[in-house]
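Notes follow once the structure below has been shown.
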Amino acid sequence: MTRLDIKGDARRIFDTLRSGGIAIIPNDAGYALMGGTYDAVHRIFLAKKRGGHKRNAMLASMATQRELHVLDQRSQDMVEMLTQDYNLTVGVAAPYRKDHPLMAKVDPRLIEASTGHGTVGLLLNAGPLFEEVCRLCREAELPVFGSSANVTGTGPKFRVEDIQPELRAIADVIIDYGLRKYHHYQRSATTLSFATGEVECLRIGSCYELICDVLQRHFNVTLAKDPGREVNASGHLQEFAFKEVSYS
Amino acid sequence: MNSIDIAGDARRTMDIIKAGGIAIVPNDTGYACCGSSMDPLQRIYDTKQRGSHKRNAMGADLETQRELQRLSPRAQQMVEALVADHDLPVGVIGSFRAGHPLLQKLGDEGMRASSAVGTIGILLNAGPFHKELSRLSREEVVPLFGSSANLTGTGPRFSVDDIPPEIKAIADITIDYGLRRYHTYRRAGTLINFDTLQVVRIGACYELISGVLRRWFGLELPPDPGFEQLPSGHLNEFGLKGVE
């Protein structure tokens, strides 16, 4: 086999998630561990040895983001421009509609572990396979959550062989597409927050300088300066902003 | 609504190129100067102070590349995998169909400046603007040829501010989309001759391209000696010196 079967792989991932399994999927910003049920996400949490202050991100297509996030026009324009015009991967945390069919289905314990201060973080535009998985999940109204395929605090993984064995062991399906596009940043995806009505950076990550350039030129917004990986390896600017969640 | 009008910008660019003008366009691999006939290409060439061993590259999408180049089935699969599956930008050098309508339009003189030893180079998949302009080029049969918006040998430019004033001065339109995606590589797009499977220039995404070709096609590309050792990435810079 020399060609990828993106549609077929997305279907396998989707089937795994829908049946309560765990998938390792290749996003442009690194490999991610994803689950579609409370039990699956809890198993990921335990295997990663995550702190309770961390939140899961949700996978979303732009169609879902537009419905789910409650943003003013200017903020939504920023998200649209970054993902649609400039084709950049970005995580966006913002207030959400609690009555949205996708959220209404989520186990309350999973809501608690995936939201903070009334916001939910969505990973957007993370590559062709990601888009196809998001499309299938949207059609089936299947909410899917997850985070980097790593033991917490060890940095994102850009190759399947770099993912810790104990994490590979809990995955029911692993899609290996080789080295990920944004490996040279050596950080996860950049995450922006719109919780206060103003955009701010929660985590400096891949494409951060490109995201800063777009927001500066088109919206006259200046994001925090990147102190560099030597000073802030994870890129987190507000690491402990959320309270501990026990998953019990 | 605050957004960029990629379709509108590509339309304006195409109209200027069609009328014999010069455009500076925002590829993911850096800003490029392009035109569609010998006159603008000669002006670009003279302003850049290029050596005669350098060739113009073509900008196109995969649909045009499939029609215009004649690669072996295996080589074509490599190109399809890099572009369609892994979404990487790549410059594909290979033999071509001289009778293709886009090359017929370019004319004999333009072809001499844009081909060498029976091959032509095509930059594929260089971002949303490149995609839209390539579509117009195909549909309206207007060839797109050009090269980096720089003085020869001085490295690609990833911001309009960094393009030398004399290059900006010859452009009839400049599309400024800010900092270009692959600026981190500090080199232009990777160029591979898919007839011989030899790397001509190590550039953007080279480690990703090498990874795909090694893993899915069993092809080992040469290691990158690194930017400090080889800033331009050219492995055979003067291979075409003296070639007509």
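Every read-out reported here was derived from the displayed coordinates using simple, explicitly stated rules and does not represent laboratory data. Keep in mind it's a predicted model, so treat the numbers as computed, not measured. So basically every Cβ, Gly included, is an ideal-geometry build from the backbone, and we count neighbours across all protein chains shown.
Some points to look at:
- Volume of the Cα convex hull of the stretch A:90-160, divided per residue and given in Å³: 119
- Each of B:His86, B:Ser3, A:Gly153 was placed along the dipole of the protein assembly as shown (beta-carbon charges, centred on the mean Cα), and the one lying farthest toward the positive end is A:Gly153.
- Dipole-positive endmost among B:Pro101, A:Ile163, B:Val141 within the protein assembly as shown (Cβ charges, Cα centre): A:Ile163
- Residue of A:Met78, A:Met34, A:Met58 that the Gaussian network model of chain A assigns the largest fluctuation, springs spanning Cα pairs under 10 Å: A:Met78
- Here B:Ile22, B:Ile167 are placed in order of increasing Cβ neighbour count within 10 Å, fewest first, which gives B:Ile167, B:Ile22.
- About its Cα centre, the stretch B:6-217 has a charge dipole of approximately 500 debye under the convention of +1 per Lys or Arg Cβ and -1 per Asp or Glu Cβ, with nothing else charged.
- If you bin all the Cα-Cα distances of the stretch B:1-130 at 10 Å, starting from zero, the percentages per bin are 11, 40, 37, 10, 1.
- Each of B:Asp5 and A:Ser19 was given a label point 7 Å from its Cα along the Cα-to-Cβ line. The distance between the two points is 5.1 nm.
- Share, in percent, of DSSP beta bridges within chain B that are antiparallel, nearest 5: 75
- Pairs of lysines in chain B (C-alpha under 25 Å apart; 8 or more residues apart or interchain): 14
- Inter-chain neighbour count for B:86-98: the average number of beta-carbon atoms from partner chains within 10 Å of each residue's beta-carbon is 1.
- Virtual spin-label span in nm between A:His184 and B:Asp87, 7 Å along Cα→Cβ: 1.8
- Ranked by the mean number of other Cβ atoms within 10 Å of their residues, highest first, the peptides B:141-148, A:229-236, A:173-180 fall in the order B:141-148, A:173-180, A:229-236.
- Distance from the stretch B:1-33 to the stretch A:72-150 (C-alpha centre basis), Å: 32
- As an equivalent ellipsoid, the stretch A:6-219 spans semi-axes of 24, 20, 16 angstrom, where each value is the square root of five times an eigenvalue of the C-alpha gyration tensor, largest first.
- Cα pair count fraction exceeding 37 Å, expressed as % - the protein assembly as shown: 31
- D_trans [Stokes-Einstein, Kirkwood Rh over alpha-carbon pairs] for chain B, 25 °C, 0.890 mPa s, µm² s⁻¹: 138
- Model label points for B:Gln198 and B:Arg112, set 7 angstrom from Cα along the Cα-to-Cβ axis, are 2.4 nm apart.
- Length released on extending from A:Glu112 to A:Glu230, taking residue separation times 0.36 nm less the Cα-Cα span: 39.2 nm
- Compactness of the stretch A:99-248 as Cα Rg over 2.2 N^0.38 Å, two decimals: 1.13
- Highest to lowest packing among A:17-30, A:102-115, scored as the average C-beta count within 10 Å: A:17-30, A:102-115
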